[in-house]
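Have a look at the structure below before the remarks.
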């Protein structure tokens, strides 16, 4: 399983060595132009909210179940003037309490994200919104996922990301991020799993 996600990370790196597939559509006037790679260090906590509630009804009940992650992202191209698409590989460490004890495990994620870049207040604080989907694999089945109402989980599940990124124009290559990190079985598509887990993550991103 770890080998599969190392291959995914290598794929992100390999694509970074190729010419931009959509270079002709890039917006040359953007201050981040030329900074295609980024590293994001994030930390956060588990919430008992479902993903829809987590997006629109923050914060829910936070639990002493923590996640720390490092993500490597490559912007692959721009389209329709205001959008970009990215590939991301993430490593995460989970630790903390669940309802009947403690558990420590690792998580590997490979995802594709689409990002919207244009807001009317960007001259004061550059804002982007991103949505992503991919695959998440854990080194152990998360026990907190087994303790949801659905009561079933597994190592490999679908991954969804919903992210807000804020950047001061005078520091165009450094950003603050807020992300909802979501694992689920997509209504049973993954091994009959219908449950899910959600984390709120705050992060610091550096482009290079």
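When each of the peptides 62-68, 199-205 is scored by the mean number of other C-beta atoms lying within 10 Å of its residues, the order from highest to lowest reads 199-205, 62-68.
Each peptide in 164-172, 182-190, 107-115 was scored by the mean count of other Cβ atoms within 10 Å over its residues; highest first, the order is 107-115, 182-190, 164-172.
How far is the Cα center of the range 75-122 from the Cα center of the range 150-208, in Å? Using only Cα atoms to place each centre, the spacing works out to 5 Å.
Segment residue 147..residue 189, full-extension length gain: 13.2 nm, with 0.36 nm per residue of separation and the alpha-carbon distance subtracted. A protection proxy built from the mean count of other Cβ atoms within 10 Å ranks the segments 93-101, 78-86, most packed first, as 78-86, 93-101. On the beta carbon distance between residue 168 and residue 64, with R0 = 22 Å, the FRET formula returns roughly 0.10.
None of the figures in this text is laboratory data; all of them are computed from the coordinates on show. The structure displayed is predicted, hence computed values, not measured ones. Glycine also receives a Cβ, built like all others from the backbone with ideal geometry; neighbour counts cover every protein chain displayed.
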